[in-house]
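The values are calculated or read from the model by the stated rules, or taken from the named source; none is laboratory data. Since we're looking at a predicted model, the values are computed, not measured. Every residue, glycine among them, receives a Cβ derived from its backbone with ideal geometry; neighbour counts consider all protein chains shown.
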Amino acid sequence: MPAGRVPFAQPRPPRRTLRCSTDAVNTATPTPVPFIELNDHHHMPALGAGVWQIDNDKVGEVVHAAIEAGYRLIDTAQGYDNEAGVGAAIRDAAVGREELFLVSKLRTSSMGYDEALAGIRSSLDAL
C-alpha cells in the first residue's frame, strides 16, 4: 500500500458531538479565517456557520453567536425554512452587511430559468 494511505479496515475514532455555549462565545477571541478567491475576484471565507435544522424562530441567536465568534460566512437554504430568521439576524448584527458572505440554495422546485429567477428573488427578499 502506498505511503500515507490508510486501509479501509482501520477502525474509525468515535464521533463527537460538539456543543456551543453562547456564554463561551462571549468571552472568546475570534480566530482569523482564511479566504478563498473566487473567479470574479471576490473573497469568500473558507469556514462558515451552517444553520440546517435550526428553527426559524431560534436561528437568530445562532447567527448572532456565530458572528460574535468570528464567522463571516453564513450558510442557509430555502429548504431549511429559516432564511427570514437569518435575514433578521444579519440586519441586527454588530458587523456591517458588507463584512458577511451569505450562501443559500434553491429548492428543487426552482428548476428552469424562470423558476430559478423567482427562487433567487424569494431568497433575496427573505435575507
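Remarks
- Selection within the stretch 90-112 - within 13 Å of the chain's Cα centre (by Cα) and either closer than 17 Å to Ile54 by Cα or part of a helix (DSSP H, G or I) (or both): Ile90, Leu102, Val103, Ser104, Lys105
- Checking each residue in the stretch 60-89 for being within 20 Å of Pro34 (Cα to Cα), outside any helix (DSSP H, G or I) and over 12 Å from the mean Cα position of the chain (by Cα) picks out Ala69, Gly70.
- Looking only at the stretch 68-78, residues that are out of contact with any strand residue (DSSP E or B) (no Cβ under 6 Å at 6 or more places or on another chain) and either at pLDDT 95 or above or aromatic (Phe, Trp, Tyr) (or both) come to 3 in all.
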